[in-house]
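Encoded as structure tokens, the structure appears first; notes follow it.
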Number of protein chains: 2
Amino acid sequence: MASPPLHADIAPLAFLLGTWTGEGAGEYPTIAPFRYGEQVRFGHVGKPFLAYSQRTWSLDDGRPFHAESGYWRHVGDGRVELVLAHPTGVTEIQHGLLRERSLRLASVAMGLTPTAKRVDALERDIDVDGDRLAYAVRMAAVGQALTHHLAAVLVKD
Amino acid sequence: MASPPLHADIAPLAFLLGTWTGEGAGEYPTIAPFRYGEQVRFGHVGKPFLAYSQRTWSLDDGRPFHAESGYWRHVGDGRVELVLAHPTGVTEIQHGLLRERSLRLASVAMGLTPTAKRVDALERDIDVDGDRLAYAVRMAAVGQALTHHLAAVLVKD
């Protein structure tokens, strides 16, 4: 990433910038519980958004699990917008609020490719305390109601 | 990017893998014509998708223009799916066909954050000949019908 001055519009999100690494646990009514390693990166290029990418892997053998990439926007008064693409053929638009270093986001639109498994809604909670980032994800998918799916704790590198 | 074996499902898209750099020209009824530098990256992690990211910049001073990131899927019989996120608050789901080294894609769903400018549809043509990649993008946005928007020629690094 280049290092121009941070755009003033996203100064409230500056605490996210950097690379975060850690472990998480996943569960869902349709699958066996699992644990995973994760790395999350937030960068910027001087424009009013953060570039975001994430990948997870098996703690057993390091094989890749999930990934997602997209952009975070702060559009004023603590309102945050998130646009994401998932390699599973899903796009996600989230809207939410920033309060101090906590974010509460919920999907306002999901997109699916013709062959993607159905995902109806996602909610994301993120709480940062110094160099520690904790998140939780709830998901409504494949006919299930909104249900806890993922939780992880990451540490800034 | 890691370098595991390529997943067989995306072998037909292997010709895209790598980093492509070049220049392009943009136009649209609502803006002044412009030229730009561009770098496109296609990678893989051994799973049935390509990770994609792109950024463009001013040829005058190198300041960043656009960026987008997402994933390409080959779902059989030359059918290709593309999921993208744009920092302008737009998500894009495209579907199309691969014939030899030519791709013809059209959006099947666009997503917009509450503050995004309206984009109704995009079409993408990509033609690769050896180390040369040419593309064209048509866009329907901000009340305009589907209209030529971008064309560029990139060379594989």
Legend entry - Inter-copy separations for B:V155, label at 7 Å along Cα-Cβ, nm, ascending: 4.7
Inset, instruction - Report the extension gain between B:T30 and B:D157 in nm, rounded to one decimal, defined as 0.36 nm multiplied by the number of residues separating them, less their alpha carbon distance. - result: 42.3 nm
Legend entry - Nitroxide proxy distance, nm - points 7 Å out along Cα→Cβ at A:E100 and A:A145: 3.2 nm
Inset, instruction - Give the nm distances, rounded to one decimal, from B:S58 to the matching residue in every other copy, measuring between label points 7 Å along Cα toward the beta carbon; shortest first. - result: 4.9
Inset, instruction - Specify the inter-centroid distance of segment A:1-41 and segment B:9-87, based on alpha-carbon positions, in whole Å. - result: 23 Å
Inset, instruction - Provide B:I10, B:I31 in ascending order of the number of other Cβ atoms located within 10 Å of each residue's Cβ, fewest first. - result: B:I31, B:I10
Legend entry - Calculated label separations, B:R138, copies of the chain, 7 Å along the beta-carbon direction, nm: 4.4
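Throughout, read-outs are computed from the coordinates displayed, never taken from laboratory work. All figures in this text were calculated on a predicted structure; none of them were measured in a lab. Neighbour counts are summed over all protein chains in view; Cβ atoms, including those assigned to glycine, are modelled from backbone coordinates with ideal geometry.
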